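Colleague: Before I ask anything, here is the structure I am working with.
Any read-out appearing in this document is the output of simple, stated calculations on the displayed coordinates, not a laboratory observation. Please read these numbers as outputs of a predicted model, since none were measured by experiment. Reconstructed Cβ throughout: ideal geometry from the backbone, glycine too, with neighbour counts over all protein chains shown.
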Amino acid sequence: GENVEQHPSTLSVQEGDSAVIKCTYSDSASNYFPWYKQELGKRPQLIIDIRSNVGEKKDQRIAVTLNKTAKHFSLHITETQPEDSAVYFCAASKSGGGADGLTFGKGTHLIIQP
Amino acid sequence: DTAVSQTPKYLVTQMGNDKSIKCEQNLGHDTMYWYKQDSKKFLKIMFSYNNKELIINETVPNRFSPKSPDKAHLNLHINSLELGDSAVYFCASSQEGGQTPLHFGNGTRLTVT
């Protein structure tokens, strides 16, 4: 089955700096790569996703890049703010339909230092 | 209205008991899931289900069983609870399997004493 590795497990950055979280996946058939943000005590929520026919996608301060050849994808957060502090999860899926779910990375605890 | 709702929010019980967690989604999604989040925050899929198939993660003990009375509900039954079952359990749904965004419920924190 799919295996998703995520690094780093903890990332501390100064407010206003950029943060980068990296993930690799094992199954070359995977073609959907979402990122979820989970604040303390709350549910994971989708912040951005990318499909394998696209190399990069941006949404305001958040961007995701995908390198299919190397089987890795990254989340970039610019101009970090205190409310960006949370655990971020990458995930991968190869389903073309049916009931397959997402395989998640182990999460990155992002800490924004004031 | 809450899109994916699960009850109870907290569940404290003793080893050996049997318990259930209920989940309902009002998004009209075809696929529902149960995920387990352990103390290290790792999210692991337990089950995924749509009207055509049930996929069970092979590492999930058979003490855990999903039950779906209709496509808007996927309940989780747990028999003979063990200490290691303590975790947060998230229900989720998606429109078309794993290729579309997951919508999570607020989670059920299960504590087995």
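Colleague: Would you mind checking A:K42/B:K36; A:K37/A:K68; A:K37/B:K40; A:K106/B:K9 for any pair whose Cα atoms are more than 20 angstrom apart? Each step should come with its number before you reach the end.
Modeller: Values: A:K42/B:K36 14 Å; A:K37/A:K68 23 Å; A:K37/B:K40 15 Å; A:K106/B:K9 23 Å.
Flagged as over cut-off: A:K37/A:K68; A:K106/B:K9.
Colleague: Which three extents, in whole angstrom, do the alpha-carbon atoms of chain A cover along their principal axes, largest first?
Modeller: Computed over the Cα atoms, the extents are 43, 29, 21 Å.
Colleague: Here's something else I'd like to know. Taking the Cβ of each residue in B:M15, B:M32 as the centre, tally the other Cβ atoms inside 10 Å and list the residues starting with the fewest. Each step should come with its number before you reach the end.
Modeller: Working: B:M15 11, B:M32 29.
Placing the least packed residue first, the sequence is B:M15, B:M32.
Colleague: Sticking with this structure for a sec: Can you give me the relative contact order of segment A:41-95 as a percent, contacts being Cα pairs under 8 Å and 6 or more apart?
Modeller: Once normalised by length, the contact order is 21 percent.
Colleague: Could I ask something else about it? For segment B:41-47, what does the Karplus curve 6.51 cos²θ - 1.76 cosθ + 1.60, with θ = phi - 60°, yield as ³J(HN,Hα) per residue in whole Hz, taken in order and with x for Gly and Pro?
Modeller: Going residue by residue, I get 6, 6, 9, 10, 6, 9, 9 Hz, with x marking Gly and Pro.
Colleague: Whole number please: convex hull volume per residue, Cα atoms of the protein assembly as shown, in Å³.
Modeller: Details: hull volume 27.8 nm³, N = 227.
Per residue, the Cα convex hull of the protein assembly as shown comes to 122 Å³.
Colleague: By count of other Cβ within 10 Å, fewest leading, how are A:T78, A:T10, A:T69 ordered? List each step's numbers first, then the result.
Modeller: On the way: A:T78 14, A:T10 10, A:T69 7.
Arranged by neighbour count, lowest to highest, A:T78, A:T10, A:T69 become A:T69, A:T10, A:T78.
Colleague: Right, next: Considering amide H positions built from the backbone, and no H for Pro or chain starts, which residues 5 or more places from A:L11, or on another chain, come under 5 Å of its amide H?
Modeller: Correct list: A:H109, A:L110, A:I111.
Colleague: Something else about it: For segment A:1-106, which GluC sites (Glu not before Pro) are in a loop by DSSP, counting at most 14 other Cβ atoms within 10 Å? The partial results should precede the final answer.
Modeller: On the way: sites: A:E2, A:E5, A:E15, A:E39, A:E56, A:E79, A:E83; in loops: A:E2, A:E15, A:E39, A:E79.
Passing sites in segment A:1-106 are A:E15, A:E39, A:E79.
Colleague: On to the next question. Specify, per residue and in Å³, the volume enclosed by the convex hull of the alpha carbon atoms belonging to chain B.
Modeller: Values: hull volume 10.9 nm³, N = 113.
Per-residue hull volume (Cα only) is 97 Å³.
Colleague: Using a 10 Å cut-off around each Cβ, can you sort A:D49, A:D59 from fewest to most neighbouring Cβ atoms? Walk me through the numbers before you get to the answer.
Modeller: On the way: A:D49 19, A:D59 10.
By the 10 Å Cβ count, ascending: A:D59, A:D49.
Colleague: For A:Y32, enumerate residues with amide H under 5 Å from its amide H, sequence gap 5+ or separate chain, H modeled in the peptide plane.
Modeller: A:S93
Colleague: Let me ask something additional. What percent do you get for the relative contact order of chain A when only Cα pairs under 8 Å and 6+ apart count?
Modeller: On the way: 281 pairs, mean separation 42.1, N = 114.
RCO, chain A: 37 percent.
Colleague: Further question on the same structure: What residue among A:T103, A:I47, A:Y88 has its Cα farthest toward the positive end of the dipole of the protein assembly as shown, where the charges are +1 on Lys, Arg and -1 on Asp, Glu, each on the Cβ?
Modeller: A:T103
Colleague: Sticking with this one: To the nearest 20 Debye, how big is the dipole of the protein assembly as shown about its Cα centre, given +1 on the beta carbon of each Lys and Arg and -1 on that of each Asp and Glu? Could the numbers behind the result be given before it?
Modeller: Values: 24 positive and 24 negative charges, 49 e Å.
In debye, rounded to 20, the protein assembly as shown gives about 240.
Colleague: Cα centroids of segment A:2-29 and segment A:53-114: how far apart, whole angstrom?
Modeller: Rounded to whole Å, the Cα centres lie 7 Å apart.
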